[in-house]
1. Only loop residues by DSSP count here, and only those with at most 15 other Cβ atoms within 10 Å; note down the trypsin sites (Lys or Arg not before Pro) in region 65-135 that meet that.
2. Under the definition of Cα pairs under 8 Å and six or more residues apart, what whole-number percent is the relative contact order of region 53-140?
Amino acid sequence: MLVLLWGLVGCVTVEPMDRPDPEICDDEIDNDGDGLIDCDDESCGGVLCRNQGDTGKVDVEPIEIVIDNSTCCEFVFNEQNCANLTAGTIEFVNNTDEDGSISVVRCDALDDIGSPVGFRSRPADEPRDFLATVAIPAKSSVEVEAVFNCQTDVAFSTNCEARAEVGPFGDERGFLVRGRTNP
């Protein structure tokens with residue numbers, strides 16, 4: 001009897017989990033099966049849906065700068081965690097068939113220390129005070145990290161800007177970076 005039970009328990013078939021398809025944000029279909037279609041679906045991520053007009057068709061901007069306020073750019077720092085602490089991520093989305101570029105990403109300098117935040121488009125790169133002329137290939141996106149540079153040990157707030165363009169189209173966003181201390 002014990003051998004029979006062991007044989008039944010030992011033969012368990014595990015089915016692979018089905019993963020939903022990603023949402024396509026301009027096809028009027030609920031691709032990921034969550035009951036939300038296109039612009040109503042949070043998983044559309046960087047694609048901002050605007051001007052749907054009378055047709056209900058999604059009008060996607062040619063170039064977009066996406067800053068998620070829930071993840072960018074407010075953070076807490078102390079001496080132990082400050083080295084290369086990511087303050088947030090800015091996404092540059094090129095929805096066209098031609099290559100575009102990031103014109104600039106930068107923050108205002110603070111008295112005596114310069115900019116408390118640097119930027120990098122690849123995790124292996126050293127953060128720089130500003131980025132300029134970073135390519136955004138056609139039909140793709142580039143993420144830029146805002147990185148705290150540990151040049152201050154007090155709380156701060158600084159105004160920043162991001163600009164990108166493709167052909168005659170451009171997008172520009174201002175954003176605030178705030179660092180709070182936690183001893």
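Nothing in this text is a laboratory measurement; each read-out follows from the coordinates by a stated rule. Remember, predicted model here, so these are calculated numbers, not experimental data. Ideal geometry is used to build each Cβ from the backbone, glycine not excepted, and the neighbour counts take in all protein chains shown.
1. none
2. Rounded, it is 29 percent for region 53-140.
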